Amino acid sequence: MATTTSTVGLAQRVARPAPRRSTRASAAKLYDVPVSNNGARVRIALYAKGLVPDRVEIVSPSELGGIKSEEYMALQPKGQMPLLVTESGLPIWESEVILGYVLDKYDGEGPSFTLDTAEERALSTLSTKVFDTFIQPVQGCMYRKSPSAEQRAAELKVIDENLHILESLCSADGPYFVGGRPCKTDMSLFPSFVFFEFMLETQFGWPDAFYDKPKLRAWYEYLKAGEGSDFAGVTARVYGEIFDALKAWEEGGRWEVQGIKEHLEVDLKWVYP
Ligand SMILES: N[C@@H](CCC(=O)N[C@@H](CS)C(=O)NCC(=O)O)C(=O)O
């Protein structure tokens, strides 16, 4: 009896599918948190391609002691999110580089986001480049400490100017940034527009963050509403992740603690147009 039971037990063990943990053990890891707009460009790709959690797990940097810990900085020397550690253990950072890797590595899984023509691809690269070169370095003026009110106001002006440049690059026909198909640029830019809408309107008092930018408005509203396509469903999900985290920042008094409300008392240009 004991022998029979143990034989059946062995057979069941052999027949049982491999536990999920062994699949996850070879999954890549994205170190990121919901409020991270740079990380969100990668999250959109991962969700849209159905890679989470079996191929890529999303975990908090606190797993490694936080972004400034020795262990984390050995993998990401700038101490920033996002960071991807591939299934073979290679650390990759800079959100646009991680995004390129994900779309390349998992090309055959889920939808493809490669645009059809060289011109469309160039427009996509240019739009993201404008954002990463001119806006990303100064976007902290909307939510971080700054050495002076003057510097903060000067950086806000740079954001305003470059939003107009992005308007000139955005497709008139939509619904996506470069036209009829979603691509990397939608992933790279959309999360930061959640910041622009929330921070410029709610914290800085702009009546309308999309003033004089009708193409960007239509594009953003489509991705935020989430109803037109599976891809828009994913961007709407990420909108929720970021928005909830920003509300928590607001409830925690972030714009007071970071000295922003105090700067807004200084007589400088804070509200556009
Ligand atoms: N150029 C980097 C910027 C990364 C970045 O600024 N990450 C933010 C979160 S979205 C961060 O980690 N901030 C914390 C810090 O800089 O200390 C990228 O695109 O990945």
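The values are calculated or read from the model by the stated rules, or taken from the named source; none is laboratory data. Only a predicted model underlies this, so the values are computations on that prediction, with no experimental measurement involved. In this analysis, Cβ positions are derived from the backbone assuming ideal geometry, glycine residues included, and neighbour counts consider all displayed protein chains.
Would you check if residue 217 is in a loop (DSSP other than H, G, I, E, B), basic (Lys, Arg) and surrounded by 16 or more Cβ atoms within 10 Å (Cβ to Cβ)? So residue 217 does not fit the description; no.
Quick one: would you say residue 163 is part of a loop (DSSP other than H, G, I, E, B), surrounded by 14 or more Cβ atoms within 10 Å (Cβ to Cβ) and under 21 Å from the mean Cα position of the chain (by Cα)?
Values: part of a loop (DSSP other than H, G, I, E, B): no; surrounded by 14 or more Cβ atoms within 10 Å (Cβ to Cβ): yes; under 21 Å from the mean Cα position of the chain (by Cα): yes.
For residue 163, the condition - part of a loop (DSSP other than H, G, I, E, B), surrounded by 14 or more Cβ atoms within 10 Å (Cβ to Cβ) and under 21 Å from the mean Cα position of the chain (by Cα) - is not met.
Based on this model, can you work out whether residue 228 counts as at pLDDT below 95, in the same structural domain as residue 139 (by TED's automatic domain parsing) and either outside any helix (DSSP H, G or I) or small (Gly, Ala, Ser) (or both)? Even if it seems obvious, please write down each step before you answer.
Working: at pLDDT below 95: yes; in the same structural domain as residue 139 (by TED's automatic domain parsing): yes; either outside any helix (DSSP H, G or I) or small (Gly, Ala, Ser) (or both): yes.
Answer is yes for this residue.
Looking across segment 99-122, just one residue is touching a Gly at 6+ places or on another chain (Cβ under 9 Å) and assigned to a helix (DSSP H, G or I), and that is 120.
Conditions tested, residue by residue: (1) hydroxyl-bearing (Ser, Thr, Tyr); (2) outside any loop (DSSP other than H, G, I, E, B); (3) within 11 Å of the ligand (Cβ to nearest atom).
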{"site": "39", "(1), (2), (3)": "no, yes, yes"}
{"site": "44", "(1), (2), (3)": "no, yes, no"}
{"site": "51", "(1), (2), (3)": "no, no, no"}
{"site": "77", "(1), (2), (3)": "no, no, no"}
{"site": "97", "(1), (2), (3)": "no, yes, yes"}
{"site": "140", "(1), (2), (3)": "no, yes, yes"}
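All conditions but one from (1) away from the ligand (no atom under 14 Å from the Cβ); (2) of a type in the set (Ser, Thr, Tyr); (3) in the same structural domain as residue 195 (by TED's automatic domain parsing) apply to residue 112; the one that does not is (3).
With respect to the conditions (1) more than 10 Å from the ligand (Cβ to nearest atom); (2) closer than 16 Å to residue 191 by Cα, residue 88 falls short on a single one, namely (2).
Of the residues making up segment 59-83, just one is surrounded by fewer than 17 Cβ atoms within 10 Å (Cβ to Cβ) and touching a strand residue (DSSP E or B) at 6+ places or on another chain (Cβ under 6 Å), namely 59.
Of these, 151, 203, which one is surrounded by 19 or more Cβ atoms within 10 Å (Cβ to Cβ) and polar (S, T, N, Q)?
Working: 151 fails: surrounded by 19 or more Cβ atoms within 10 Å (Cβ to Cβ).
So the residue among 151, 203 that is surrounded by 19 or more Cβ atoms within 10 Å (Cβ to Cβ) and polar (S, T, N, Q) is 203.
Looking across segment 53-75, the residues that are closer than 14 Å to residue 39 by Cα and either more than 14 Å from the ligand (Cβ to nearest atom) or touching a helix residue (DSSP H, G or I) at 6+ places or on another chain (Cβ under 9 Å) (or both) come down to 56, 57, 58, 59, 61, 67.
Being of a type outside the set (Val, Ile, Thr) and either within 15 Å of residue 189 (Cα to Cα) or at pLDDT below 95 (or both) is the filter here; which residues of segment 122-150 pass it? Can you show your working first?
Quick first cut of segment 122-150, residues of a type outside the set (Val, Ile, Thr) only: 122-124, 126-127, 129, 131-132, 134, 136-137, 139-150.
Those that are of a type outside the set (Val, Ile, Thr) and either within 15 Å of residue 189 (Cα to Cα) or at pLDDT below 95 (or both): 123, 124, 126, 127, 129, 131, 132, 134, 136, 137, 139.
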